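Step one of this worksheet: look at the structure below.
The values are calculated or read from the model by the stated rules, or taken from the named source; none is laboratory data. This one's a predicted model, so the numbers in the text were calculated from it and none came from an experiment. Glycine gets a Cβ as well: all are built from the backbone with ideal geometry, and neighbour counts include every protein chain shown. Heads up: the accessible areas ignore ligands, DNA and RNA and are worked out on the full protein's heavy atoms, side chains in. Shrake-Rupley method; radii C 1.70, N 1.55, O 1.52, S 1.80 Å.
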Amino acid sequence: MDKKFKRTLVTCALPYANGPVHIGHLAGVYVPADIYVRYLRMKGEDVLFICGSDEHGVPITIKARKEGVTPQDIVDRYHNIIKNSFTGLGINFDIYSRTSSKVHEKNASEFFRKLYDDEKFITKETEQFFDPEAKTFLADRYITGTCPKCGNPNAYGDQCEKCGSTLSPEELIDPKSALSGSAPVKVKTKHWYLPLDQYEPWLRDWILEQHKEWKSNVYGQCKSWLDGGLQPRAVSRDLDWGVPVPVDGAEGKVLYVWFDAPIGYISNTQELLPQSWKKWWKADESRLVHFIGKDNIVFHCIVFPSMLKAYGDGYILPDNVPSNEFLNLEGDKISTSRNWAVWLNEYLEEFPGQEDVLRYVLCANAPETKDNDFTWKDFQQRNNSELVAIFGNFVNRAIVLTQKYFGGAVPANLKPEAMDREALAEIVPCKEALEKYIETFHFREALKEAMNIARIGNKYISDAEPWKVAKTDMDRTASILYTSLQICADLAIAFEPFLPFSAEKLRNILNINVAAGFDHRAGEGAPTVNFFRDGEARALHTLSSEASLTSEGKVDEKVTLSSTMPSDCTDPTLTWAELGSSELLAPGHKLGENGLLFAKIEDEVVEKQIAKLEAAKAANAAAAAEKAAREAAAHIEPQKPEVEFDDFGRMDIRTATVLAAERVPKTDKLLKLTIDTGIDTRTIVSGIAEYYSPEDMLGKQICILANLKPRTIRGIESKGMILMAKQGDGKMRFITPQEALVNGAQIG
């Protein structure tokens, strides 16, 4: 970015509170955003990190109906699960609120009302789907049917989860209401629309000309929407859950969730900083960055900016909207409805102490330019061969040898050599590349550069072989371990944005602190500096007058370290600026207690997770088969062409009793039945062996077509046909009188 900003407002797409967060959400939105925020804070920049639960989506009402509870019950449950899960993974928003809050309801209502009063909306009367049985209008998600593109019989009215196609209810084959199963009808209703077409010329200039630096997937999708021509978009919905439309004549209507949800960013900021929120949303020196998934690009790049433009009053527009593609799971699309997902809350329970492994794998495998795949085997391999074997191995060797030879204190650099300087010099370009990649939202590449520092250290200590040198030259050993420990300190800084739990472990081992910048969770007041150590934060300290912001909006790092260091802190406190410096740990500095940064993950651990997914797949297949069977059984064949009464009168249908039954040799389907028709005793060959055994048929009274022309089947003359009822799934049953009748009684 060319423009200098004093502060950065970072938002994350609000997750639906109808289920837990899964790895697709994390890889696409929340882990990248957390890395970015931690990085900016370590550089001393003023950052506000905003998120919250989206609690007014149609999926929430569907979930509530299925469970027989209220939508409020659903959002209360999942809001807490999601919030605690984020915290468990080290994703610490300044505020994580919710769109069902009173602050948001008031704010969203006022936002709509201003646009309404300023005549920014148009009204349209349209025909929308209505469930005549449930007596309610149907949102697109309440309509299911067969996808016209892939044939999936369980597609929704807005999307097919199998092929990923965006749909409309009109496109579905054989649409049905998800509420009652009945066929929906169209009923006229009036709604308010935001005329996006009126903002198209402005959007073209703002996006296509002024923001060519946006990621190609974001820029390309925006261009595609604009080239296709924008249409007015409804901002209200016929629904009983959401923010009520605040105008007369809007009873039974709520704000459409896409209009409601992004206003939540503003509401949550107001909730956190009621006195100073405007400096984040209405000041030219503030920068707004939205982290989203690709399915939210249009809302954050076209719709929400148009809303802010229509509202006016100085609202800033997003400076960047980094978006990732989708993450698949074991070669298949993640699906919440099929339970084909790795849920964050379950991961945290099943992998205690391994939060950073998931963060590392999701970042290393992030779907930044195209859809990518998460597999448990790759998860295991990256942990064991990268985190354990490279990062952890280097740190452990450096610490263990320092404890062995120098009593756990940083040795003096007594006998430096060129290889020491060369190893440390290699870290500088890593830092430069790391910064470039983070600031351009290429976190996967940035993580590689951070890991390259560990690779540099691992190679250095392997080449230097201090365990051998110590046998003859302790001065040289001192320099090798001095250099190795400087690289360890570099790692504690470089990995703080990516692996905060492991970075904390390493800081404790090295007995150091890292200045992490401003923390706004303290609420209103002066900016604070957060020193990471021994947990989430060691101390929060208000900046003194001497430690103020520079003209660029950054903390004066030298003053910060001298004037705001916690009073009980005597250990070195490092900043991002010192990454790659020649001496981060001074000779004589006492190290803390050693411990392993990472643990090896065994085969049985990932095999258990794979088995869990296979069980979900089997359950899905069984449920799908059961549903298909029910639907097939319920399928009714259309009526055959009409016949005259005389045609029916020629059919002689009578009762008969089975006297004997046996299988026809060398066949699977045929039974030979000897029956008493009341007229005679005759033989009928019938293809019912897959439904009835000979023993089942013996003595049964049945109905037959007696005057059917005889036919020879497998050498047996068959005189007549048994009347059977057949349903859609192929199941057949013979017709029998409700009570016993004489053989030969006529039916008709």
Taking segment 274-299 as the search range and keeping residues that are assigned to a helix (DSSP H, G or I) and in contact (Cβ under 8 Å) with a residue 60 or more places away in the chain, which one is most open to solvent (accessible area, probe 1.4 Å)? LYS279
Matching option when the condition is touching a strand residue (DSSP E or B) at 6+ places or on another chain (Cβ under 8 Å), surrounded by fewer than 15 Cβ atoms within 10 Å (Cβ to Cβ) and not polar (S, T, N, Q), among ILE82, ILE122: ILE122
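Condition test on GLU127, is it open to solvent by 50 Å² or more (accessible area, probe 1.4 Å) and at positive phi?
It is false that GLU127 is open to solvent by 50 Å² or more (accessible area, probe 1.4 Å) and at positive phi.
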Restricting to segment 152-175, give me the number of residues that are within 19 Å of ALA624 (Cα to Cα), open to solvent by 80 Å² or more (accessible area, probe 1.4 Å) and not in a loop (DSSP other than H, G, I, E, B). 2
Considering (1) surrounded by 19 or more Cβ atoms within 10 Å (Cβ to Cβ); (2) at pLDDT 95 or above, say which one ASP475 fails and leave the rest. (1)
Which one of these does PRO32 not meet: (1) part of a helix (DSSP H, G or I); (2) open to solvent by 30 Å² or more (accessible area, probe 1.4 Å)? (2)
Return the total of residues in segment 323-346 being under 11 Å from the mean Cα position of the chain (by Cα), buried (at least 19 other Cβ atoms within 10 Å of the Cβ) and part of a loop (DSSP other than H, G, I, E, B). 3
Residue ID - nearest to PRO305 (Cα to Cα), chosen from residues in segment 246-266 that are in contact with an Asp or Glu (Cβ under 9 Å, 6 or more places away or on another chain) and part of a loop (DSSP other than H, G, I, E, B): PRO246
Run LEU414 past the list (1) open to solvent by 50 Å² or more (accessible area, probe 1.4 Å); (2) assigned to a helix (DSSP H, G or I); (3) not hydroxyl-bearing (Ser, Thr, Tyr) and report the number of the one that doesn't hold. (2)
For segment 41-55, state whether one or more residues are in a strand (DSSP E or B), open to solvent by 20 Å² or more (accessible area, probe 1.4 Å) and charged (D, E, K, R). yes
Quick check on segment 200-211. Is at least one of its residues surrounded by fewer than 21 Cβ atoms within 10 Å (Cβ to Cβ) and in a loop (DSSP other than H, G, I, E, B)? yes
Check off (1) over 25 Å from LEU317 (Cβ atoms); (2) open to solvent by 20 Å² or more (accessible area, probe 1.4 Å); (3) in a loop (DSSP other than H, G, I, E, B) for ARG65 and give me the number that stays unchecked. (3)
Could you check, for segment 459-480, whether at least one of its residues is in contact with an Asp or Glu (Cβ under 7 Å, 6 or more places away or on another chain) and either touching a residue at least 40 places away in the same chain (Cβ under 8 Å) or closer than 30 Å to PHE441 by Cα (or both)? yes
List every residue pair whose Cβ atoms lie under 7 Å apart, where the two residues are 6 or more positions apart in sequence or sit on different chains, the first residue falls within segment 381-392 and is assigned to a helix (DSSP H, G or I), and the second residue, located anywhere, is open to solvent by 40 Å² or more (accessible area, probe 1.4 Å). ASN384/LYS600; VAL388/LYS600; ILE390/ARG455; GLY392/LEU596
Report, by residue number, each residue of segment 170-183 that is farther than 10 Å from THR146 by Cα and free of Cβ contacts under 8 Å to residues at least 60 places away in the same chain. GLU170, SER177, SER180, GLY181, SER182, ALA183
Only one of (1) at pLDDT 85 or above; (2) within 24 Å of the chain's Cα centre (by Cα); (3) closer than 30 Å to THR269 by Cβ fails for TYR193. Which number is that? (2)
Please work out which residue is farthest from THR483 (Cα to Cα), limiting yourself to segment 417-443 and to residues that are charged (D, E, K, R) and open to solvent by 50 Å² or more (accessible area, probe 1.4 Å). GLU439
VAL243 being crowded, with 21+ Cβ neighbours inside 10 Å and within 23 Å of ARG98 (Cα to Cα): yes
What tally of residues in segment 246-273 results from selecting those that are open to solvent by 10 Å² or more (accessible area, probe 1.4 Å), in contact with a strand residue (DSSP E or B) (Cβ under 9 Å, 6 or more places away or on another chain) and among the charged types (D, E, K, R)? 3
Scanning segment 120-177 for residues that are of a type in the set (Gly, Ala, Ser) and modelled with pLDDT under 85, which turns out nearest to LEU308 (Cα to Cα)? ALA139
Of everything in segment 593-615 that's farther than 30 Å from GLY408 by Cβ and not aliphatic (A, V, I, L, M), which residue is most open to solvent (accessible area, probe 1.4 Å)? LYS608
Out of (1) more than 20 Å from GLY28 (Cα to Cα); (2) of a type outside the set (Phe, Trp, Tyr); (3) in a loop (DSSP other than H, G, I, E, B), the odd one out for PRO497 is which? (1)
